[in-house]
Amino acid sequence: MSEIDRIHWPRRPISRRRMLRGMAGASAAAAFGPLLAACGGATTTPSPTSAPATPAGSAPGSSEPTPTATPEPTPVPAPEGELYVYNWADYIGEDTIARFQDQTGIRVTYDFFDSAETQNAKIATGNSGYDVSFPTSTYVKGFVERKLIQPLDLSLIPNVVNLGAEWQDPGYDPGNAHSMPYMWWTTGVAYDTAKIGETLTSWSALWDERWSGKLAMLDDMREAFAAALIRLGFSANSTSDDELDQALALLQEQKPLLRTYTTDDIGVLSSGDVWVAHAWGADVYQVQAERDTVVYYIPEEGGIRGSDTMVLLAGAQHPIAAHAFINFMLDAEVAAANTNYIGYMGPNAAARAFIDPAILDDPTVNPDRSAIEKLQEILDLGADEQKFSDRWTRLRAGG
Amino acid sequence: MGGHRFRDAALFAPGLSWLLVFFLAPLAVIFVVSLATRDQFGGVVFEGFGFHNYRRALEPDFLPTVVNSLKYASATTVLSIAIAYPVAYWISRYGGRHKALLIVLVMLPFWTSFVIRTYAWMIILRDNGVVNSVLAAFGASEPVQLLNTDLAVILGMTYGFLPFAILPLYVSIDRLDPALVQAARDLYASGRAAFLHVTLPLTMPGIIAAAILTFIPSIGDFVTPDLLGGAQTTTIAKIVQTLFMSSRDWPYGAALGFLLIVVTIAGTLAGLRFLRQEVIG
């Protein structure tokens with residue numbers, strides 16, 4: 001089983017963080033280094049510019065314990081002394097946990113996983129021993145229905161006001177009642193401008209016979225169907241048999257042109273094996289470090305927005321500390337430090353002031369407003385997921 | 001007599017319990033799950049217990065995948081034996097005091113994970129990989145596509161399962177008394193005739209073992225077709241893996257997996273029987 005886990009890491013765990021390491025001391029380190037240092041420094045000297053956010057410890061409803069007695073008592077219960085957090089590998093700011101511990105005195109045990117399957121298996125036990133985890137938004141609905149996660153007490157998370165308007169009521173979890181968004185990314189198309197002499201803008205590029213054998217699709221059932229459904233003008237979450245059959249026919253028409261279905265979009269693009277690929281935007285940033293002629297776009301027909309969330313697990317032994325942690329993660333400066341380190345955009349509007357301009361200016365991780373408005377979320381369709389898996393199996397198995 | 005029977009049963013017990021715990025019990029679990037239904041969250045529920053997943057599994061859509069699987073496994077088996085036989089023969093006859101070392105060298109790749117070694121092949125076979133870099137140095141203008149082809153899958157599997165062919169062949173060749181070959185030569189058999197009529201038939205059990213030990217893992221291998229193969233090289237094992245891991249449709253995956261196991265066992269038994277009758281007599 002461990003071998004399966006190792007080859008099937010889904011979208012993110014590596015991303016820009018590894019790229020930074022890979023470029024060892026070169027330009028990236030020079031550019032990001034001072035910034036990271038600046039963010040780190042913010043713990044000791046609170047920045048005066050962080051006014052709109054809630055500067056550490058000063059928020060009225062903040063649940064952070066104050067070892068030095070607070071002047072007025074708050075109705076907030078005191079957090080437990082410990083917290084167990086379960087996250088993707090390499091998916092948090094370098095000193096975020098240390099800062100949280102320093103600020104709150106809560107001792108954090110931080111473990112990580114490298115595949116959604118591993119995480120799901122652990123959460124599904126219902127008593128994993130962890131308090132907080134970071135599932136992909138698609139799983140939230142199922143976890144709620146199976147009572148594997150608890151509703152959040154928003155009064156303990158005052159920093160929720162920092163979320164951008166489009167994250168106040170996401171489709172996967174109305175009103176953020178059971179989850180807080182953590183990071184997001186997009187799915188679109190990447191291509192090598194050294195090989196493709198024209199500007200591509202549509203999903204149809206992935207069906208273009210001129211590049212037969214140099215095309216790749218993501219080996220991800222819902223993402224692949226989303227590409228076909230959106231190209232046909234349907235919802236990525238369609239459950240109509242007729243629409244899904246049309247999407248299947250489109251994907252079957254495409255299959256002979258493809259070199260491969262893969263989740264290693266970074267590998268196929270940076271090696272030049274593939275010229276046009278269905279890809280995750282955050283991955284393309286990493287490709288560009290090796291092959292700077294590769295560009296990324298969200299197709300004009302629309303693309304996919306994926307996201308990860310923070311949830312309070314059922315059976316959590318330290319719920320108050322967990323709320324304190326989630327609130328801390330939504331602090332503008334903390335959220336910005338996370339983004340600056342891992343290279344994913346967060347949903348935190350207040351954090352933008354502290355995010356590295358190089359990230360904000362990069363359309364692969366931070367697409368412009370007009371593109372964002374055309375993004376759809378992939379939702380858990382419950383029993384109707386089988387309509388996708390039957391067709392996906394037929395597509396992959398068929399000749 | 002009773003004592004003997006008890007002793008025989010005791011000797012048999014470890015092997016039998018191993019078979020029971022690690023083969024039959026999981027097989028029974030797979031079978032039971034294959035009769036169940038996927039619930040809306042990807043769990044397994046025992047409602048509508050029946051053979052509906054087998055009906056889904058017997059669609060003609062799966063035929064190309066089955067053909068792919070058989071093609072890769074057969075090619076891998078034939079290639080492995082063709083390469084392994086001379087290697088095993090050479091180690092046995094000319095290995096001298098280095099025999100043990102040579103056998104360790106054959107097994108050395110097992111010290112590294114199969115997945116990692118398959119990734120190494122990806123680096124070798126890529127368009128900008130080792131092979132194409134060499135070709136480019138000799139003036140090739142366009143890279144030759146090696147990765148994501150049938151060839152890459154067969155190469156990867158043969159590489160991966162070759163030791164499983166070398167070891168049984170070595171044992172069987174090493175056990176062959178050289179005096180028998182000498183006797184054939186004394187009776188005016190040519191080298192070729194002595195090999196064909198003495199060495200080959202006497203090492204046939206080794207060849208059969210090697211064939212089984214390479215065919216079975218290659219038909220169940222999904223790592224190689226996944227990493228070295230492409231859009232057109234899907235195997236049945238890869239479909240099973242997809243159903244379990246990403247579609248989270250365990251009952252359907254279990255039905256396909258169970259069919260694959262049954263067909264493999266039946267095929268192996270039939271093959272063994274045929275060979276025993278035809279070859280060993």
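The values are calculated or read from the model by the stated rules, or taken from the named source; none is laboratory data. Every value quoted in this text rests on a predicted model; they were computed, and no experiment measured them. Heads up, the Cβs are rebuilt from the backbone with ideal geometry, glycines too, and the neighbour counts pull from every protein chain shown.
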(Q) With the condition being modelled with pLDDT of 95 or more and within 14 Å of chain B (Cβ to nearest Cβ), I'd like the helices (runs of 4 or more DSSP H) fully within region A:179-294 carrying at least 1 qualifying residues. (A) A:221-231, A:241-254, A:265-270
Q) Got a number for residues in region A:113-150 being in a strand (DSSP E or B), touching a Pro at 6+ places or on another chain (Cβ under 9 Å) and either in contact (Cβ under 8 Å) with a residue 40 or more places away in the chain or at positive phi (or both)? A) 3
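Does at least one position in region B:103-110 carry a residue that is under 24 Å from residue B:155 (Cα atoms) and within 14 Å of chain A (Cβ to nearest Cβ)? Spell out how you get there, then give the answer.
Going residue by residue through region B:103-110, those that are under 24 Å from residue B:155 (Cα atoms) are B:103-110.
Within this subset, residues satisfying the condition of being within 14 Å of chain A (Cβ to nearest Cβ) are B:110.
Yes, that holds for at least one residue.
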**Q.** In region A:203-231, the residues that are among the basic types (Lys, Arg) and crowded, with 22+ Cβ neighbours inside 10 Å
**A.** A:214, A:222
**Q.** The one condition in (1) out of contact with any helix residue (DSSP H, G or I) (no Cβ under 9 Å at 6 or more places or on another chain); (2) in a helix (DSSP H, G or I) that residue A:351 fails to fulfil
**A.** (1)
Q: Only residues that are of a type in the set (S, T, N, Q), more than 14 Å from chain A (Cβ to nearest Cβ) and more than 28 Å from residue B:164 (Cα to Cα): list them for region B:31-74, please.
A: B:34
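To keep it simple, each residue is scored yes or no on (1) among the β-branched types (Val, Ile, Thr); (2) closer than 30 Å to residue A:293 by Cβ; (3) at pLDDT 95 or above.
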{"position": "A:329", "(1), (2), (3)": "no, no, yes"}
{"position": "A:333", "(1), (2), (3)": "no, no, yes"}
{"position": "A:337", "(1), (2), (3)": "no, no, yes"}
{"position": "A:341", "(1), (2), (3)": "no, yes, no"}
{"position": "A:344", "(1), (2), (3)": "no, yes, no"}
{"position": "A:359", "(1), (2), (3)": "yes, yes, no"}
{"position": "A:363", "(1), (2), (3)": "no, yes, no"}
{"position": "A:366", "(1), (2), (3)": "no, yes, no"}
Q) Going by the conditions given, is residue B:239 crowded, with 20+ Cβ neighbours inside 10 Å and away from chain A (no Cβ under 14 Å)? A) no
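With a cut-off of at least 3 residues that are of a type in the set (Phe, Trp, Tyr), name the helices (runs of 4 or more DSSP H) lying wholly within region B:48-144. Write out each step before concluding.
On the way: elements: B:52-57, B:63-94, B:99-107, B:114-125, B:130-137.
Here the list reads B:63-94, B:114-125.
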Q: Kindly list, by first and then second residue, each pair from a residue in region B:212-223 that is crowded, with 19+ Cβ neighbours inside 10 Å to a residue that is not in a helix (DSSP H, G or I), limited to pairs with Cβ atoms under 7 Å and residues at least 6 apart or on different chains.
A: B:222/B:235
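How many of the residues making up region B:1-40 are touching a residue at least 40 places away in the same chain (Cβ under 8 Å) and closer than 29 Å to residue A:144 by Cα?
Filtering region B:1-40 down to residues touching a residue at least 40 places away in the same chain (Cβ under 8 Å) leaves B:27, B:30-31, B:33-38.
Cutting the leftovers down to closer than 29 Å to residue A:144 by Cα gives us B:30, B:33-38.
Residues flagged as touching a residue at least 40 places away in the same chain (Cβ under 8 Å) and closer than 29 Å to residue A:144 by Cα within region B:1-40 amount to 7.
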Q) Hey, among the residues in region A:356-387 that are within 14 Å of another protein chain (Cβ to nearest Cβ) and assigned to a loop (DSSP other than H, G, I, E, B), which one's nearest to residue A:224 (Cα to Cα)? A) A:378
Q) Taking the condition closer than 30 Å to residue A:258 by Cβ, outside any helix (DSSP H, G or I), aliphatic (A, V, I, L, M) and within 12 Å of another protein chain (Cβ to nearest Cβ), does residue B:147 pass? A) yes
Q | First in region A:283-310 and more than 20 Å from residue A:225 (Cβ to Cβ), second anywhere and acidic (Asp, Glu), Cβ under 7 Å, 6 or more apart | A | A:285/A:362; A:291/A:192; A:293/A:192; A:294/A:192
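Out of the residues in region B:75-102 that are buried (at least 16 other Cβ atoms within 10 Å of the Cβ) and under 18 Å from residue B:218 (Cβ atoms), state the one that is farthest from the other protein chains (Cβ to nearest Cβ).
Applying the first criterion (buried (at least 16 other Cβ atoms within 10 Å of the Cβ)) to region B:75-102 yields B:75-77, B:79-81, B:84-85, B:87-89, B:91-92, B:95, B:102.
Remaining after also requiring under 18 Å from residue B:218 (Cβ atoms): B:75-77, B:79-81, B:84-85.
Numbers: B:75: 18, B:76: 19, B:77: 22, B:79: 23, B:80: 21, B:81: 26, B:84: 24, B:85: 29 Å.
Result: B:85.
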Q: Taking residue B:179 as the residue in question, decide whether it is among the small types (Gly, Ala, Ser), in a helix (DSSP H, G or I) and touching a Leu at 6+ places or on another chain (Cβ under 8 Å).
A: no
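Given the structure, is residue A:100 at pLDDT below 95, more than 17 Å from the chain's Cα centre (by Cα), among the aromatic types (Phe, Trp, Tyr) and crowded, with 17+ Cβ neighbours inside 10 Å? It would help to see each step written out before you state the result.
Details: at pLDDT below 95: no; more than 17 Å from the chain's Cα centre (by Cα): yes; among the aromatic types (Phe, Trp, Tyr): yes; crowded, with 17+ Cβ neighbours inside 10 Å: yes.
No.
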